[in-house]
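Below: the structure, in structure tokens.
A short reminder: the numbers here are calculations on the coordinates, not readings from a lab. All of these numbers come straight from a predicted model, not from anything done at the bench. Using ideal geometry, Cβ is built from the backbone for each residue, glycine included, and neighbour counts are taken over all protein chains shown.
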Amino acid sequence: MVEENEKSFSFEEKLDELEKIVNKLETGQVPLDDAIEEFKKAMDLVKECDEKLNSAQEAIAKIVTENNDVIDFDIE
């Protein structure tokens, strides 16, 4: 069986899920064991989103380089 975070979700869907988890944890009404599990899911989503952003940055840099334009930018 494929776990939920292993399915092919878009970047935006992952951000939405991350926001839901954060909101849920911020209520303070989540039992500790559930909170730990939700935190693990959130950290996995953060990692996946960070990888996607890094990939996008590399793709943009490649396109700019191929067009002989120099643009220096940082994504924070």
Fully extended contour minus Cα-Cα distance, from ILE63 to PHE9, at 0.36 nm per residue: 16.9 nm
Computed label-point distance, nm, for sites LYS47 and LEU32 using a 7 Å Cα→Cβ extension: 2.5
Of LYS20/LYS52; LYS24/LYS52; LYS20/LYS62, those spanning more than 30 Å from alpha-carbon to alpha-carbon: LYS20/LYS62
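Order of LEU15, LEU45, LEU32 from fewest to most other C-beta atoms within 10 Å? Mind showing how you got there, number by number?
On the way: LEU15 15, LEU45 21, LEU32 7.
Listed from fewest to most nearby Cβ atoms, that is LEU32, LEU15, LEU45.
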